[in-house]
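What follows is a single structure, written as structure tokens, with notes after it.
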Amino acid sequence: MNDYARIEKAMAYMVAHAAEQPNLETVAAQVHLSAFHFQRLFCRYAGISPKRFLQALTLERSKQLIQASTSLLDIAHTLGLSGGSRLYDHFVQLEAVTPGEYKRQGEGVEIAYGVHETPLGSMFVAVTPRGICRMGFVDATNSEELLARLAKEWPRSMLCHSPDATRFAVEKLFNQPEEGTAALSLHVTGTNFQIAVWRALLTIPEGQLASYSHIAQALGTPKSSRAVGNAVGANPIAVWIPCHRVIQQSGALGGYRWGLDKKQMVQAWELAKVNDESLSPMAAS
């Protein structure tokens, strides 16, 4: 088991046992490390302490219930007035595939792809010359599935296994961008409604949550919660298009393509990171 796998396993254990509030020694034992070495390893790779991650898990449930009644528009407006806050749509630029590109089905386009280990789990990344076009969590059972889906979406493109060309997509997740950093480009295929929903997701701040109905209201289509849910579920770029920040109006987690435990893990990691920026995380491999 390598270090990334240890961190992912430890996070998964804390998600599953959050109600029991396991101590440092108990969690460290799950990955066969002393408490001292586990603490150092976790801080180095995840950029937060195990205690902070567990606290975020414990607080997350009450945050869900509180924020489920908060307007997405109000959240975005409030964040815009806060100079120290980071609004995702200031750092991430989403570009839709043009009708011409769609018709050509990727003809003449070289798409680099690779799989990278991160503290949250292994991630598949694909990049066109215009930006990240697909990103998702993978394991031994579904990496080929994601590659096949990519080939189906861009049937005339040239797929090239090139981890060096895709590593930046995960490295930027675990390193806070400096002021003046160029926007990260996403290059996605979707219907006009899906694109609108994905753009709305980019307005939800890190460490905050919104409901499907709030997004529907923000889009001016208050009765489209189910359609919003479908669009959220079709999100092609995990974490960067933050579908993990969307929950049900009741405060329940809702769905997540990569599993509810993974959704809770990403939420807690993000919340802990936002609340504790004193640690400098290690880049993904």
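Using the structure shown, select from 152/273; 223/263; 172/223 the pairs with a Cα to Cα distance greater than 31 angstrom.
152/273; 172/223
Out of all DSSP beta bridges in segment 98-189, what portion is antiparallel? Express it as a percent rounded to 5.
70 percent
From the phi of every residue in segment 229-235, what ³J(HN,Hα) in whole Hz does the Karplus formula 6.51 cos²θ - 1.76 cosθ + 1.60 yield, where θ is phi - 60° and glycine or proline is x?
Whole-Hz 3J(HN,Hα) from phi for segment 229-235: x, 5, 5, 4, x, 8, 3.
Out of residues 5 or more away from residue 92 or on other chains, whose amide H comes under 5 Å of its own, with H placed 1.01 Å from N in the peptide plane?
Amide H neighbours of residue 92, under 5 Å, 5+ apart: 184.
Got a sec to turn the phi values of segment 191-199 into Karplus ³J(HN,Hα) couplings, 6.51 cos²θ - 1.76 cosθ + 1.60 with θ = phi - 60°, whole Hz, x for Gly and Pro?
Computed from phi, the couplings for segment 191-199 are 6, 4, 5, 4, 4, 4, 5, 5, 5 Hz.
Rounded to whole Hz and in sequence order, give me ³J(HN,Hα) for segment 101-109 from the Karplus expression 6.51 cos²θ - 1.76 cosθ + 1.60, θ = phi - 60°, writing x for Gly and Pro.
Calculated HN-Hα couplings, in order: 5, 4, 5, 7, 6, x, 4, x, 9 Hz.
Add +1 for every Lys or Arg and -1 for every Asp or Glu among the other residues with Cβ under 14 Å from the Cβ of residue 35, and state the total.
+2
Amide H of residue 224: which non-local residues (sequence gap of 5 or more, or other chain) have their own amide H closer than 5 Å, using H built in the peptide plane?
none
Order these peptides, 96-109, 156-169, 42-55, by their mean beta-carbon neighbour count within 10 angstrom, highest first.
By packing density, highest mean first, the sequence is 42-55, 156-169, 96-109.
Using mean Cβ contacts within 10 Å as the protection proxy, how do 205-218, 11-24 order, highest first?
Taking the mean over residues of other Cβ atoms within 10 Å, the ranking is 205-218, 11-24.
Over all directions, average the projected area of the Cα convex hull of segment 98-189 and note it in nm².
The directionally averaged projection comes out at 6.3 nm².
Shape of segment 149-279 from its Cα gyration tensor (a ≥ b ≥ c, root eigenvalues): rounded if a/c is under 1.5, otherwise prolate when a/b > b/c, or oblate?
Oblate shape, in that a/c is at least 1.5 and b/c is the bigger or equal ratio.
Over the Cα atoms of segment 193-267, what is the Rg over Rh ratio if Rh follows Kirkwood?
My calculation puts Rg/Rh at 0.91.
Rule-based calculations on the coordinates, nothing more; no lab input. Note that the structure is predicted; figures quoted are calculated from it, not measured. All Cβ positions, glycine included, derive from the backbone under ideal geometry; neighbour counts span all protein chains shown.
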